[in-house]
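The structure appears right after this line, and notes come after that.
The values are calculated or read from the model by the stated rules, or taken from the named source; none is laboratory data. If you're wondering where the values come from, they're calculated on a predicted model, not measured in any experiment. FYI the Cβ positions are ideal-geometry reconstructions off the backbone, even for glycines, and counts take in every protein chain you see. These area figures cover heavy atoms from the full protein model, side chains too; ligands, DNA and RNA do not enter into them. Shrake-Rupley method; radii C 1.70, N 1.55, O 1.52, S 1.80 Å.
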Amino acid sequence: MRKLVGSLKSMGSWRGAWRVPSTSAIAQARQRLGVDPLRVLFEQTAVPVARRGTKGAWLGSRRLMAIDGFMLDAPDQDGNVEEFGRRTNGVKSSAFPQVLTVVLGECGSHAAVGAAFEGCNGDERALAEQLLPRVEDDMLVTADRNFYSFALWGKFRETGADLLWRVSASVELPVLAWLLDGSYLSLAINPKIRGTRRERLIQQAKTGTDIDPAEAHRVRVAEYDIPDREGNGTNEIICVITSILDPTEATAEELAAAYHERWECENLIDEVKTHQRGPARVLRSKSPDMVSQEIWALLLTHYAIRSLMCRAADEIGEDPDRLSFMRSIRVIRRHIVGQADFSP
């Protein structure tokens, strides 16, 4: 606050009776403000920022998006513990109460355009469902295998967006027809449907009969591996399903490359949790409402930084990934306190 108003006195704009507010006074002002203004501000301003020419942001005419979740540590206060809970692992529990946050991020710009959060023992899929109003029909939404369910896939498809989600080996995907690019057409069948009814659905799909979306979804499957991959993923077959059924719109190889772009959402999370907030930092707010307000503020600040970075990258014809997030933060911090130097 001192940095923001420091030059007002020399400009003759300083009221003699006014004093820089204390830390507790600022905290009380935050409490009076509440959560909703920050949430509404995010909902109204956080829209996709990548332009048609933004590198790494598109697969053909589809805007690459990703859903992912992460945890934020909150101060160890009784109210926060009651509201958000602690993660447990056997007899041990986390040192701090934690907030489970799920975001819808734009892969090309790393900008989060949707978010939902609740206690750490919440359900990522339920939070992802809250992001449905943020999904637009020109998007290709990617997600890892933890998000897939038959019901959630159907709800996201109802938005008009295309999907590219990884699925686990437990999801049975019958081969309806092999395609020239190595992918195949299949059915994602409601897991409640079994036996002869399931086989009848598969035969109907093979003959081109319309399928009730409450029973099954037509999908295209691409399976691939990553050579020389180390760690737990060694020799692992990655299976992704997509609503893009025509391989001329996106080949299996292009789908694999697009799914890899989902990792850009991991960078978004790292930027919010580590670079912007600071390594190993706990949120400062000591009550649940102020924790929620602080999370919206973190996301708003990240969105503002990433919007500026994307615009700068577009102006020089570079991929936004080529710009340093930390360097951008430092530049903004140096300039933001100069706002009071200019007369309204």
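Okay, residues lined up against (1) modelled with pLDDT of 90 or more; (2) within 22 Å of Gly114 (Cβ to Cβ); (3) hydroxyl-bearing (Ser, Thr, Tyr); (4) open to solvent by less than 50 Å² (accessible area, probe 1.4 Å):
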position	(1), (2), (3), (4)
His302	yes, yes, no, yes
Ser307	yes, yes, yes, yes
Pro320	yes, yes, no, yes
Ser324	yes, no, yes, no
Ser328	yes, no, yes, yes
Ile336	no, no, no, no
Within segment 7-38, of all residues that are open to solvent by 50 Å² or more (accessible area, probe 1.4 Å) and among the small types (Gly, Ala, Ser), the one nearest to Val291 (Cα to Cα) is Ser24
Determine the pairs where a residue that is on the phi > 0 side of the Ramachandran plot, located within segment 316-330, has a partner that is at pLDDT below 95 and surrounded by 11 or more Cβ atoms within 10 Å (Cβ to Cβ) with Cβ atoms under 9 Å apart, the partner being 6 or more residues away or on another chain. Gly317/Lys55
With respect to the numbered conditions (1) within 30 Å of Leu201 (Cα to Cα); (2) open to solvent by 20 Å² or more (accessible area, probe 1.4 Å); (3) polar (S, T, N, Q), which one is the sole condition not fulfilled by Gln77? (1)
Expected single match for of a type outside the set (Phe, Trp, Tyr), farther than 27 Å from Pro320 by Cα and at pLDDT below 90 among Glu236, Glu264, Glu223, Glu215 is Glu236
Across (1) in a helix (DSSP H, G or I); (2) crowded, with 22+ Cβ neighbours inside 10 Å, Asp68 clears everything bar (1)
Out of curiosity, is Leu283 open to solvent by less than 10 Å² (accessible area, probe 1.4 Å) and not in a helix (DSSP H, G or I)? yes
Determine if segment 159-168 includes at least one residue that is at pLDDT 95 or above, β-branched (Val, Ile, Thr) and out of contact with any Ser or Thr (no Cβ under 8 Å at 6 or more places or on another chain). yes
Scan of segment 248-257 for residues that are surrounded by 12 or more Cβ atoms within 10 Å (Cβ to Cβ) and either more than 23 Å from the chain's Cα centre (by Cα) or in contact (Cβ under 8 Å) with a residue 40 or more places away in the chain (or both), ordered by number: Glu249, Ala250, Thr251, Ala252, Glu253, Glu254, Leu255
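Here are Pro75, Pro133: which of them is over 19 Å from Asp270 (Cβ atoms) and either of a type in the set (D, E, K, R) or not in a loop (DSSP other than H, G, I, E, B) (or both)? Step through it out loud before you land on a result.
On the way: Pro75 fails: either of a type in the set (D, E, K, R) or not in a loop (DSSP other than H, G, I, E, B) (or both).
Being over 19 Å from Asp270 (Cβ atoms) and either of a type in the set (D, E, K, R) or not in a loop (DSSP other than H, G, I, E, B) (or both) holds for just one of Pro75, Pro133, which is Pro133.
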Consider segment 39-65. How many of its residues are part of a loop (DSSP other than H, G, I, E, B), under 17 Å from His302 (Cβ atoms) and open to solvent by 60 Å² or more (accessible area, probe 1.4 Å)? 1
Any residue that is open to solvent by 20 Å² or more (accessible area, probe 1.4 Å) and in a strand (DSSP E or B) - is there at least one of those in segment 93-113? yes
Listed residues Gly231, Gly208, Gly195, Gly182; which is touching a helix residue (DSSP H, G or I) at 6+ places or on another chain (Cβ under 8 Å) and at positive phi? Gly182
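Give me a count of the residues in segment 248-277 that are part of a loop (DSSP other than H, G, I, E, B) and acidic (Asp, Glu). So that I can check it myself, show each step before the final result.
First, the residues of segment 248-277 that are part of a loop (DSSP other than H, G, I, E, B): 248-251, 277.
Keeping just the survivors that are acidic (Asp, Glu) gives 249.
Residues meeting the conditions: 1.
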Only one of (1) at pLDDT 95 or above; (2) open to solvent by less than 30 Å² (accessible area, probe 1.4 Å) does not apply to Cys120, and that is (1)
Odd one out for Thr274, checked against (1) within 18 Å of Leu100 (Cβ to Cβ); (2) surrounded by 15 or more Cβ atoms within 10 Å (Cβ to Cβ): (2)
Counting only residues that are out of contact with any strand residue (DSSP E or B) (no Cβ under 8 Å at 6 or more places or on another chain) and touching a residue at least 40 places away in the same chain (Cβ under 8 Å), which one in segment 286-295 is most open to solvent (accessible area, probe 1.4 Å)? Lys286
For segment 73-96, check the following and say yes or no: at least one residue is out of contact with any Lys or Arg (no Cβ under 8 Å at 6 or more places or on another chain), β-branched (Val, Ile, Thr) and within 30 Å of Arg311 (Cβ to Cβ). no
